[in-house]
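The values are calculated or read from the model by the stated rules, or taken from the named source; none is laboratory data. Since this is a predicted model, take the numbers as computed values, not measurements. Cβ placement follows ideal geometry from the backbone for every residue including glycine, while neighbour counts extend to all protein chains displayed. Quick note on the areas: whole protein, heavy atoms, side chains included, nothing else; ligands and nucleic acids left out. Shrake-Rupley method; radii C 1.70, N 1.55, O 1.52, S 1.80 Å.
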Amino acid sequence: MVKESKLDFLVIEKKWQKEWEKKKVFEVKENTKKKKYYVLEMFPYPSSSGLHMGHALNYTIGDIYARFMRMNKFNVLYPMGYDAFGLPAENAAIKAKEHPKKYTENSMKSFIMQQKALGLSYDWNRKVVTCEPEYYKWNQYFFLKFLENGLVYRKKAGVNFCRKCNTVLANEQVHNGKCWRHSDTEVEIKQLEQWFIKTTNYADELLRDIPKLQWPERIKTMQENWIGKSYGTEILFEINGKKWPIFTTRPDTIFGVTFMVVSAQHPRLMELVTEKQKKDVNNFIKKIKSTKQEDMDKFDKEGVFTGSYAVNPLTDEKIPVYAGNFVVADYGSGMVMAVPAHDQRDFDFAKKYKIPIKRVIEEDTKVITIEESLKPEFYKEVEKFAKIINKDGLSYIYANNIDKVFDIAKDKFIGDLWYIHSEGKVKKIMFHAKKENKIFYWNTEREIEEAKKYGRKIGIKEEQLDFNELREAYTANGILINSKGFNDLDSEEAKEHITKALEFKKLGSKKVQYKLRDWLISRQRYWGTPIPVIYCEKCGMVPVPESQLPVKLPEKVKFGKGNPLETNKAFVNVKCPKCKGKARRETDTMDTFFDSSWYFLRYEDNKNKKQAFDKKKVDYWMPIDQYIGGAEHAVMHLIYARFFTKALRDLGFFINKDKMDEPFMKLFNQGMLHGNDGNKMSKSLGNVINPIEMIDKYGSDSLRLALMSFASSDKDTNWDEKVLIGSYKFMNKIQDLFKKISKGKSSPRMESKINKTVKEISEEIKDFRYNIAIIKLRSLFEMIEQEQEVAKKDLESFLKMLSVFAPHISEELWHKMGNKDFISLAEWPKVDETKIDLKLEQQEENLEKTVSDIVNILRIIKEKQGKDAEKVYLYVIPNEKSSYNEGILSKRLNKEVKVFAVNDKNKYDPENKAGKAKPGRPAIYIE
RNA sequence: GCGGAGAUGCCGGAGUGGUCAAACGGAUCACGUUUAGGCCGUGAUGGCUUAGUGCCUACGAAGGUUCGAAUCCUUCUCUCCGCACCA
């Protein structure tokens, strides 16, 4: 049944994993004589479902890189840790009555066991676990440092609240506006005092430094959008005698403001609500179920009148103020001026509540004249992407991309080109005469009249704007109308002028606004780092003194009703550190993103009891040279970690400030591994593949190789066990080959191939094209198989390259060849460029071509004569004879093959084919 | 809604202007090996054609640029992913 030499991977893999651990092969120390390299994967959240295939993929990618750099003589730091605080552990506590600590510890144990089974070359000695007091103590320490330096503050913010649980819910715990545990209970929004970190202090630097990063472009774009810098104007509207600021990027539309909308989650909303409207507003707030962005989009724009009126600073008109569900509370000031004619959201809202719509911007109609004779051809070109409608003696072109119409007109059609305002007022005129190769600009009335007469007009509109039947807002720039002194200006100019006018009245100013908000780190949960603050009846908020850190999370708590920390009296009731009076402890814990924002600094010095990390050690290892993880962390984690690094830099935590601008120099995003059905792996779909089961079946070397073979590592791909079986077969073949191959001298052909392969594979690995590297390794292997004998050195080179992908079998074969050291620490093979012989490559190709010719002829003979030919004769140019080996050819063709030089007098050539031989192309005779 | 990625032969996937009927793997078929099957080896797998050739049709769809397109441009269709209390 079983093939005799079947790979006994279970024994081999366990053996080498033990050896590596025993001999501390992957443990590293700072060594200033060696160049360092820091490879890091995003550390996992240890969930009870264990390591999934996505993890295995992620870590294998990193491990290959770490092994590769190690073999290239870098001092490689490659650690692992666990992001061990978080909601799932707490949910498990509530539902399964298992303590989060136990849950987490069990999960971690199974993670570590599985990671070791994958043969990952971590320095386990540097493990970091965020839920241990030794770690989170430093969270608290950094929090206090931030507090000291004004980077932390408290502010009211809306949270999801379930009455039945008497607790705050995470967005994840809100399902369709209802509590995850009480599907009959509507989630309410409650305003609570929350802790914020001033990430916005660094908004500009975070944005500015993005171009420095060697990250995938899409991640960089995502970060740019997340930070979302926009230039606009802050305008003060007076409401009930008080000035309320709003931010807008469209001050040019201020004459079109017909109402104001304040976010339903705005902390000061109630100040605006009149006695009469209170009931309505309260009902409305209750109706809004969650703060989740996604849900907000699904709901219709809704709102309710607050009873108050604002005064438009330029028109003195009184305009109603509404509370609405579509205004984000923490962007800008949480209030907007609404211009229904020129903003789609405002438009929808105005239609719904029958608020007047006032149009203040009119679109530019652009007019081109095209010579009559050229018209048909022009139409033909334009019709490909636009619609042409004839109306009022004009041909209107409706296109998404007007500039393209102009480009076509300019490039191909001779005539005039001018832009006019739809009411006939000329904005800018351009006369374009291609023939004379000149461009003129005209702008007098007379010239315009003249221009209008010229030729046939074609008007182009970006969209139709019949105001009475307006179905959507006109959101593009244009020319101002109904705007008093600002009429006829175009939007961009008007923005400037209107802002200046507001500045003059001291009711507005230019402002740069970021979408990036301050980071809300308070969590009303148990399983996180306690925020080290105490509230004293006399002294107010008092930071916990550093000497009292860590504020430990109490173990004995009650889950399920309220915040477990709040109901724990021993934890809450404390003495004030200042006056020793009665005080209560902060019960909020920190967002786990806080933990993951600096964990990469703790690896360098994970056992330090006196400091979060030793400056010198961090100086040696940082920054991270290669960071690896999924795109789901594209914004949050990566921005917070960048912020943290910059903040710590400014607080003097690093020796070399310049070097510590950015924590992650290079970032690699692995693709998602889906199930074999193409869907995300998930329990409910039943398409989850457990890495450990696969390792038990085929071994981790095969699994690692397969994971890297599915597709390019940065692409999404589907699981397929057949690929794994293919890898497994390859492993077996390698083992068999090493048993029987004779060691001797490599042929020049072999030497050329191996050097070329080393060169290419090194490049492929550097660029994470592991799939291609494996293909090249397979191709090299095929050639080794064909050779009679191969030099020991070349076999070792092959093994070394294999070892980064399949470390166990490589280590085993390495030792079987008589090596006493570890291949994992061996030096990466060097390329000898002089051995790479392109002529040999050419010969190789010629041989392939000849083989396929022979096969082709054999097939035709069989078809025609109905029988198999038996003998194949080749006639080659004399100096090429050595590249056609009778033995190899016979084996491949499964026929007797004779090779003659064309000038061989004794050759067998009954049909005189030898004359047809050409260089690189032998003549063939078959019988 | 905003933002991002992608569509290649029976399947998975390489491939970014000619050397492409398109790497590599899988699957299937044929032959060899074998008592047989499996494993293993060799070859084939768009169509027609041919003693080692030539032609046609092909890379989501439709157009375009070019001497030349899987590759560049335009429009369309479809799929997937991220979006601040999940980590």
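Let a ≥ b ≥ c be the square roots of the eigenvalues of the Cα gyration tensor of region A:95-208; is it rounded (a/c under 1.5), or, if not, prolate (a/b larger than b/c) or oblate? Provide the component values of the computation, followed by the final result.
Values: a/c = 2.20, a/b = 1.16, b/c = 1.90.
Cα axes put region A:95-208 in the oblate bin.
Could you pull out the pairs from A:LYS127/A:LYS607; A:LYS756/A:LYS793; A:LYS33/A:LYS127 whose alpha carbons sit more than 21 Å apart here? List each step's numbers first, then the result.
On the way: A:LYS127/A:LYS607 9 Å; A:LYS756/A:LYS793 15 Å; A:LYS33/A:LYS127 25 Å.
Listed pairs above 21 Å: A:LYS33/A:LYS127.
Please give the peptides A:534-544, A:706-716 ranked by average Cβ packing (other Cβ atoms within 10 Å per residue), highest first, as a rough proxy for protection.
Details: A:534-544: 15.6, A:706-716: 19.2.
Going by the mean number of other Cβ atoms within 10 Å, highest first, we get A:706-716, A:534-544.
Rounded to the nearest whole Å², what accessible area per residue is found for chain A with the 1.4 Å probe? Spell out each step's value before the answer.
Values: 44180 Å² over 927 residues.
Each residue of chain A exposes 48 Å² on average to a 1.4 Å probe.
Please report the carbon-and-sulfur percent of the accessible area for chain A; probe 1.4 Å, protein heavy atoms only, DNA, RNA and ligands left out. Don't jump to the answer; show the numbers that get you there.
Numbers: 21660 of 44180 Å².
Summing carbon and sulfur atoms, their accessible area is 49 percent of the total for chain A.
Once amide H atoms are built 1.01 Å from N in the peptide plane, which residues 5 or more positions from A:GLU41, or in another chain, come under 5 Å H to H?
Under 5 Å from the amide H of A:GLU41 lie the amide H atoms of A:ILE628, each far enough along the sequence or on another chain.
Run a plain Debye calculation on region A:475-606 (Cα atoms as equal point scatterers, no solvent) and give log10 I(q)/I(0) at q = 0.15 Å⁻¹, rounded to two decimals, same order as the q list.
Rounded to two decimals, the profile gives -0.80.
Can you give the calculated 222 nm mean residue ellipticity of chain A, where each DSSP H run of n ≥ 4 adds -39,500 (n - 2.57) and the sum is split over every residue, rounded to the nearest 500 deg cm²/dmol? Numbers along the way, then the final one.
Working: 29 runs with 335 residues, N = 927.
Here the helix-only value at 222 nm equals -11000 deg cm²/dmol.
Would you kindly derive the ³J(HN,Hα) couplings of region A:565-570 from the backbone phi angles with the Karplus curve 6.51 cos²θ - 1.76 cosθ + 1.60 (θ = phi - 60°), listing them in order in whole Hz, with x for Gly and Pro?
6, 5, 8, 9, 5, 4
Roughly what angle does helix A:748-766 make with the longest principal axis of chain A, taking Cα atoms, 0 to 90 degrees, to the nearest 10?
10
Assigning unit charges at the beta carbon (Lys, Arg +1; Asp, Glu -1) and nothing else, what dipole magnitude in debye, to the nearest 20, does region A:626-780 show about its Cα centre?
On the way: 26 positive and 19 negative charges, 173 e Å.
Roughly 840 debye, rounded to the nearest 20.
Taking only Cα atoms, what is the 0 to 90° angle, nearest 10, from helix A:100-117's long axis to the longest principal axis of chain A?
30
I'd like to know how region A:159-225 sits against the 2.2 N^0.38 Å rule of thumb: what's its Cα Rg over that expected value? Present the calculation step by step, with values, prior to reporting the outcome.
Numbers: Rg = 18.5 Å, N = 67, 2.2 N^0.38 = 10.9 Å.
Ratio of Cα Rg to 2.2 N^0.38 Å: 1.70.
How would region A:677-770 be classified by its alpha-carbon gyration tensor: rounded, prolate or oblate, with rounded meaning a/c under 1.5 and the a/b versus b/c comparison settling the rest?
Numbers: a/c = 3.90, a/b = 1.76, b/c = 2.22.
Verdict is oblate for region A:677-770.
For a protection proxy built on the mean count of beta-carbon atoms within 10 angstrom, sort A:546-555, A:72-81, A:687-696 highest first, please.
The densest-packed peptide leads the list: A:72-81, A:687-696, A:546-555.
Counting only other residues whose beta carbon sits under 10 Å from that of A:PHE74, what net charge do I get with K and R as +1, D and E as -1? Before the final figure, lay out each step's value.
On the way: positive: A:LYS34, A:LYS35, A:LYS36, A:ARG70, A:LYS73; negative: A:ASP625.
Net charge in that neighbourhood comes out at +4.
Give, in whole angstrom and from largest to smallest, the semi-axes √(5λ) of the equivalent ellipsoid of chain A, with λ running over the eigenvalues of the Cα gyration tensor.
Numbers: eigenvalues 778, 447, 116 Å².
Ellipsoid semi-axes (Å, largest first): 62, 47, 24.
Could you name the lysines in cross-link range of A:LYS722, using Cα to Cα under 23 Å and dropping any fewer than eight places away on the same chain?
A:LYS3, A:LYS6, A:LYS680, A:LYS683, A:LYS697, A:LYS733, A:LYS776
Return the inverse of the average 1/r over all pairs of distinct C-alpha atoms in region A:224-283, which is the Kirkwood hydrodynamic radius, in Å to one decimal.
Here the Kirkwood hydrodynamic radius works out to 13.9 Å.
For a protection proxy built on the mean count of beta-carbon atoms within 10 angstrom, sort A:119-130, A:580-591 highest first, please.
A:119-130, A:580-591
Once you list every other residue whose beta carbon is under 11 Å from the beta carbon of A:VAL902, what net charge do they have if Lys and Arg are +1 and Asp and Glu are -1?
On the way: positive: A:LYS881, A:LYS905, A:LYS907, A:LYS913, A:LYS916, A:LYS918; negative: A:GLU880, A:ASP904, A:ASP909.
Taking every Cβ under 11 Å from that of A:VAL902, the sum is +3.
First select every other residue whose beta carbon is under 10 angstrom from the beta carbon of A:LEU813; then total the charges, Lys and Arg +1, Asp and Glu -1.
Values: positive: A:LYS739, A:LYS816; negative: A:GLU796, A:GLU811, A:GLU812.
Summing Lys/Arg as +1 and Asp/Glu as -1 gives -1.
Given a cut-off of 20 Å, name the pairs among A:LYS95/A:LYS558; A:LYS243/A:LYS318; A:LYS617/A:LYS800; A:LYS792/A:LYS895; A:LYS759/A:LYS830; A:LYS101/A:LYS156 whose C-alpha atoms lie farther apart than that in the structure shown. Kindly include the intermediate steps, with their values, before the conclusion.
Working: A:LYS95/A:LYS558 12 Å; A:LYS243/A:LYS318 14 Å; A:LYS617/A:LYS800 31 Å; A:LYS792/A:LYS895 32 Å; A:LYS759/A:LYS830 8 Å; A:LYS101/A:LYS156 31 Å.
Distance filter (> 20 Å) returns A:LYS617/A:LYS800; A:LYS792/A:LYS895; A:LYS101/A:LYS156.
Suppose R0 equals 45 Å; then what is the FRET efficiency for A:THR834 and A:LYS24 from their Cβ-Cβ distance, rounded to the nearest 0.05? Present the calculation step by step, with values, prior to reporting the outcome.
Working: r = 39 Å, r/R0 = 0.86.
Efficiency at R0 = 45 Å is approximately 0.70.
On a 0 to 90° scale, report how tilted helix A:636-650 is relative to the longest principal axis of chain A, with both axes built from alpha carbons and the result rounded to the nearest 10.
80
For each pair in A:LYS34/A:LYS646; A:LYS753/A:LYS835; A:LYS212/A:LYS659, compute the distance between the two Cα atoms and list the pairs where it is over 18 Å.
Working: A:LYS34/A:LYS646 27 Å; A:LYS753/A:LYS835 9 Å; A:LYS212/A:LYS659 12 Å.
Checking Cα-Cα distances, A:LYS34/A:LYS646 exceed 18 Å.
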